[in-house]
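Following: one structure in structure tokens, then a few remarks.
The values are calculated or read from the model by the stated rules, or taken from the named source; none is laboratory data. Everything numeric in this text was worked out from a predicted model, so none of it was measured. Here Cβ is always computed from backbone atoms with ideal geometry, including for glycine, and neighbour counts include all displayed protein chains.
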Amino acid sequence: MIARASILLILCGITLLLCQFSPAMKGGDDVGVLAELPMVVGGFVGESEPPSEKEIALLPSDTIIVKRAYHTPGRSNERRDLATASLVIAGNDSRSIHRPEVCLDGQGWTVTNSRVRDVKLLSGEILQVRDLAIEREVLFGNGAKQLLRAHYVYWFVGTDVTTPSNLERQLLSFRDNVLRNINHRWAYPSVMAWVTEGWPPEKTGQRIRSDEETVTMLLGLVSHLAPKFQKNLMPRS
């Protein structure tokens, strides 16, 4: 017991010394993303959407929120693929960036599975993202209910680092504050789409996609989308 206490005191002392003698941290002005999403990307056309009233109310006022609803080309009455994308960029208040599971739960979604997936980019690089399988019940006017499933894919982007893990994001923040004199201004990109299998196309306005097809569609969108706004993935001239 005494040995454990001594080790803890030593670690605390080292941490205090590092904080005391490390240079002043940067102000977090260097963000690792562009504050925009492309209008056309990977066979999809994106229409700009404003932040919701709930997002504006809950997030700090200096948070940047960029959203687009992406769809494959065609008339609105044709069966298309639809996906939503959002990009949240923190201001001075770190509450802008958090575990998405918290917001999804507040919106009535239940997370049924969580896994990290590799997205191969056109450059050959691998971007790791987190894929959440989610579901919720939809109540119709006649009292009938039907289960709606979806996939929500996200990752975190710092000044020059990226991770699909909120815990790793926090560890990177601490490490780089102390050892690299960098205060990451984190961004949080995400894409989402319904699993339309089992739903009449006239209710969704989309083509029928299985669970696997929905994941493939979203990861394909990410592979084209990420290099358009994530600076460390953009082609170097």
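A few notes on this one:
- Qualifying positions in the stretch 136-169 - out of contact with any Ser or Thr (no Cβ under 7 Å at 6 or more places or on another chain) and either under 17 Å from Trp186 (Cα atoms) or part of a helix (DSSP H, G or I) (or both): Val157, Gly158, Thr159, Asp160, Val161, Thr162, Thr163, Pro164, Ser165, Asn166, Leu167, Glu168
- Criterion violated by Val178 - all others in (1) outside any strand (DSSP E or B); (2) of a type in the set (Val, Ile, Thr); (3) within 16 Å of the chain's Cα centre (by Cα) satisfied: (3)
- Pairs are defined by a Cβ separation below 7 Å, a sequence spacing of at least 6 or placement on different chains, a first member in the stretch 213-230 that is over 16 Å from Ala150 (Cβ atoms), and a second member that is part of a helix (DSSP H, G or I) and of a type outside the set (D, E, K, R); the pairs so defined are Ala226/Leu233; Pro227/Leu233.
- Residue among Ser86, Ser114 that alone is part of a strand (DSSP E or B), within 13 Å of the chain's Cα centre (by Cα) and either surrounded by 18 or more Cβ atoms within 10 Å (Cβ to Cβ) or of a type outside the set (A, V, I, L, M) (or both): Ser86
- Tally of residues being under 20 Å from Leu87 (Cβ atoms) and either among the β-branched types (Val, Ile, Thr) or without any contact (Cβ under 8 Å) to a residue 40 or more places away in the chain (or both) across the stretch 171-205: 3
- Among the numbered conditions (1) within 24 Å of Ala35 (Cα to Cα); (2) touching a residue at least 24 places away in the same chain (Cβ under 8 Å), the only one that Val102 does not meet is (2).
- Residues being modelled with pLDDT of 95 or more and of a type in the set (Ser, Thr, Tyr) - total across the stretch 64-101: 3
- Residue match in the stretch 138-147 (condition: surrounded by fewer than 21 Cβ atoms within 10 Å (Cβ to Cβ) and under 21 Å from the mean Cα position of the chain (by Cα)): no
- Flag if Leu104 is part of a loop (DSSP other than H, G, I, E, B), surrounded by 18 or more Cβ atoms within 10 Å (Cβ to Cβ) and at pLDDT 90 or above: no
- Residues of the stretch 121-135 satisfying the condition of being touching a residue at least 60 places away in the same chain (Cβ under 8 Å) and part of a strand (DSSP E or B): Leu127, Val129, Asp131, Ala133
- Restricting attention to the stretch 198-213, the residues that are modelled with pLDDT of 95 or more and either assigned to a loop (DSSP other than H, G, I, E, B) or touching a His at 6+ places or on another chain (Cβ under 9 Å) (or both) add up to 3.
- Restricted to the stretch 214-237, and to residues there that are surrounded by fewer than 16 Cβ atoms within 10 Å (Cβ to Cβ) and charged (D, E, K, R), the residue that is farthest from Thr84 (Cα to Cα) is Arg236.
- A single member of Pro50, Pro38 is surrounded by fewer than 10 Cβ atoms within 10 Å (Cβ to Cβ) and modelled with pLDDT of 50 or more, and it is Pro50.
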